[in-house]
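Asker: So that we are looking at the same thing, I have put the structure below in structure tokens.
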Amino acid sequence: MAHAARTRVLIVDDSAVMRSLLRSVVTSDPSLEVAGTAADGASALECIRTLRPDLVLLDIEMPVMDGLVTLRQLRKLGHRMPVIICSSLTQRGAKVTIEALASGAGDYVAKPFGQASREAALRALAQELIPKIHALTGPAAQQRGISSIPPRNLLSMHLASQPLPPVSSALAVVAIGVSTGGPAALDILLPALPADFPLPVLIVQHMPEVFTRLFADRLSRRCALRVCEPPNGEPVVPGAIYIARGNWHMETFPAPRPLAAPIIHLNQNPPENHCRPSVDTLFRSIAAVYGSAVLAVVLTGMGSDGLAGCRLIRDRGGIIFVQDHATSTVWGMPGAVAQAGIAHKVLPLAAIAPEILSLIARAATALAETRNPARIAV
């Protein structure tokens, strides 16, 4: 019986120590192999041209050509293989990593720091890196659109229109859950919302604490709406975008007094779905506070965080949109919701913002015509 071809990984880092660590991690998995190594971006581009790796592990700070310039050149030349950024969790490292993720890197790993031994560093790096390589290069990723379009049965299963129960037109909040590939996806979705967008937007993006404030600051410069990493107790007001702080769950609590806005509550309760912040934590609280007036959106990401929260939102009459297979970096989180049959719409990334605006406009029209809470078909 023929063995499946191994995933070929190019390692790009100016540190010989880091190249050695990454080589050891990659070769520890029998389904992976090292296609080659490079010590700078210019050499990496030549290696990519000749070796045609399936995935690139890319350092940020390198001589000759740094990782961000290399990534942008790679995409400009038409290379579509996934890239994982190897980043230090410093302020500078986080800022450049955010730019790389928004520029098309699929994911990142933190360089091991302060480990007691090489073996401990290898274990920590392997635990984080190997699942990400498989998520970005496995069969589902290959079907998704890195090399092809989704098979016909997936399209017919998830995109065919189905009769849906009526949902509330009185939308009051948009809640978004996203993980792997999220910075690039949000970089497309959020700037498409206009300055007069009438609802608050609350987002859980799986990221470390040092990343989320920088990510919010970057998005705020790109968007017509204010984007922030909110402090504990912040009121939830229309026309603002709130991104959960890394390593803290974000929830909404009911208004403290009549006619006041709900408030944001941050906590460090145990992780859910191995995540903190967790999409399920946010969605559960949103369903409790806003009931049927919720539009939940699940974008690209590994795992199934958000599925349980979507069930609650759907049960309470809210609306669920998910990103489609073809435009997701990893169709884990949105795929789990779609496969559960609880998504009202499965949409390409570029269609999500227009569909949100259309839904809000139809809801406003229905409400104006009836002057009573109306029900509209999605």
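Asker: Counting only residues that are more than 19 Å from GLU229 (Cα to Cα) and either in contact with a helix residue (DSSP H, G or I) (Cβ under 9 Å, 6 or more places away or on another chain) or free of Cβ contacts under 8 Å to residues at least 12 places away in the same chain (or both), which one in the stretch 272-289 is surrounded by the most Cβ atoms within 10 Å (Cβ to Cβ)?
Answerer: The selected residue is ALA287.
Asker: Looking at the stretch 232-249 only, could you name the residues that are touching a Ser or Thr at 6+ places or on another chain (Cβ under 7 Å), assigned to a strand (DSSP E or B) and aliphatic (A, V, I, L, M)?
Answerer: Matches in the stretch 232-249: ILE243 only.
Asker: In this structure, does ASP305 turn out to be within 25 Å of ALA361 (Cβ to Cβ) and either without any contact (Cβ under 8 Å) to a residue 24 or more places away in the chain or buried (at least 21 other Cβ atoms within 10 Å of the Cβ) (or both)?
Answerer: So ASP305 fails the test.
Asker: For the stretch 192-211, which residues satisfy the criterion of being closer than 25 Å to LEU136 by Cβ and assigned to a helix (DSSP H, G or I)?
Answerer: If the condition is that a residue be closer than 25 Å to LEU136 by Cβ and assigned to a helix (DSSP H, G or I), then GLU209, VAL210, PHE211 are the ones that fit.
Asker: Taking the options LEU129, LEU122, LEU136, name whichever one is touching a Pro at 6+ places or on another chain (Cβ under 6 Å) and either in contact (Cβ under 8 Å) with a residue 24 or more places away in the chain or hydroxyl-bearing (Ser, Thr, Tyr) (or both).
Answerer: None of the other options fit; the residue is LEU136.
Asker: Next question, about the same structure. Check the stretch 92-111 and report whether any residue there is surrounded by 15 or more Cβ atoms within 10 Å (Cβ to Cβ), modelled with pLDDT of 80 or more and over 20 Å from PHE215 (Cβ atoms).
Answerer: Scanning the stretch 92-111, I find no residue that is surrounded by 15 or more Cβ atoms within 10 Å (Cβ to Cβ), modelled with pLDDT of 80 or more and over 20 Å from PHE215 (Cβ atoms), so the answer is no.
Asker: Now a separate question. For the stretch 303-354, how many residues meet the condition of being aliphatic (A, V, I, L, M), under 14 Å from ILE176 (Cα atoms) and in contact with a Cys (Cβ under 6 Å, 6 or more places away or on another chain)?
Answerer: 2
Asker: Another question, then. Scan the stretch 83-101 and tell me whether some residue there is part of a strand (DSSP E or B) and either in contact with a Cys (Cβ under 9 Å, 6 or more places away or on another chain) or assigned by TED's automatic domain parsing to the domain that holds GLU209 (or both).
Answerer: No, the stretch 83-101 contains no residue that is part of a strand (DSSP E or B) and either in contact with a Cys (Cβ under 9 Å, 6 or more places away or on another chain) or assigned by TED's automatic domain parsing to the domain that holds GLU209 (or both).
Asker: Restricting the search to the stretch 54-68, which residues are in a loop (DSSP other than H, G, I, E, B) and over 18 Å from SER20 (Cα atoms)?
Answerer: Those that are in a loop (DSSP other than H, G, I, E, B) and over 18 Å from SER20 (Cα atoms): ASP54, PRO63, VAL64, MET65, ASP66.
Asker: Something else now. Somewhere in the stretch 193-212, is a residue of a type in the set (Val, Ile, Thr), exposed (fewer than 15 other Cβ atoms within 10 Å of the Cβ) and in the same structural domain as VAL294 (by TED's automatic domain parsing)?
Answerer: There is no residue in the stretch 193-212 that is of a type in the set (Val, Ile, Thr), exposed (fewer than 15 other Cβ atoms within 10 Å of the Cβ) and in the same structural domain as VAL294 (by TED's automatic domain parsing).
Asker: Going through the stretch 82-99 one residue at a time, which ones are more than 18 Å from the chain's Cα centre (by Cα), among the polar types (S, T, N, Q) and closer than 19 Å to ARG19 by Cβ?
Answerer: SER88 - this is the single residue of the stretch 82-99 that is more than 18 Å from the chain's Cα centre (by Cα), among the polar types (S, T, N, Q) and closer than 19 Å to ARG19 by Cβ.
Asker: Do you know which residues across the stretch 239-255 are closer than 19 Å to LEU186 by Cβ and of a type in the set (Ser, Thr, Tyr)?
Answerer: The answer is TYR242, and nothing else.
Asker: If only one of ALA244, ALA260 is surrounded by 21 or more Cβ atoms within 10 Å (Cβ to Cβ) and either charged (D, E, K, R) or out of contact with any helix residue (DSSP H, G or I) (no Cβ under 6 Å at 6 or more places or on another chain) (or both), which one is it?
Answerer: Being surrounded by 21 or more Cβ atoms within 10 Å (Cβ to Cβ) and either charged (D, E, K, R) or out of contact with any helix residue (DSSP H, G or I) (no Cβ under 6 Å at 6 or more places or on another chain) (or both) holds for just one of ALA244, ALA260, which is ALA244.
Asker: Sticking with this one: Just checking, which of GLY36, GLY78 is in a loop (DSSP other than H, G, I, E, B) and surrounded by fewer than 22 Cβ atoms within 10 Å (Cβ to Cβ)?
Answerer: GLY78
Asker: Just a yes or no: is a residue in the stretch 163-179 within 14 Å of the chain's Cα centre (by Cα), in a loop (DSSP other than H, G, I, E, B) and at pLDDT below 95?
Answerer: Scanning the stretch 163-179 turns up no residue that is within 14 Å of the chain's Cα centre (by Cα), in a loop (DSSP other than H, G, I, E, B) and at pLDDT below 95.
Asker: Among the candidates LEU71, LEU45, which residue alone is part of a helix (DSSP H, G or I), within 26 Å of LEU214 (Cα to Cα) and of a type outside the set (Lys, Arg)?
Answerer: Answer to the check: LEU71.
Asker: Test LEU295 against the criterion of being crowded, with 18+ Cβ neighbours inside 10 Å and within 24 Å of ALA363 (Cβ to Cβ), and give yes or no.
Answerer: yes
Asker: List pairs: first residue in the stretch 212-231 and touching a residue at least 24 places away in the same chain (Cβ under 8 Å) and assigned to a loop (DSSP other than H, G, I, E, B), second residue of a type in the set (Ser, Thr, Tyr) and crowded, with 19+ Cβ neighbours inside 10 Å anywhere in the structure, Cβ distance under 7 angstrom, at least six positions apart or on different chains.
Answerer: Within 7 Å, the pairs are PRO230/TYR242.
The values are calculated or read from the model by the stated rules, or taken from the named source; none is laboratory data. The structure displayed is predicted, hence computed values, not measured ones. Counting neighbours? That spans all protein chains shown, and the Cβs are built from the backbone with ideal geometry, glycine included.
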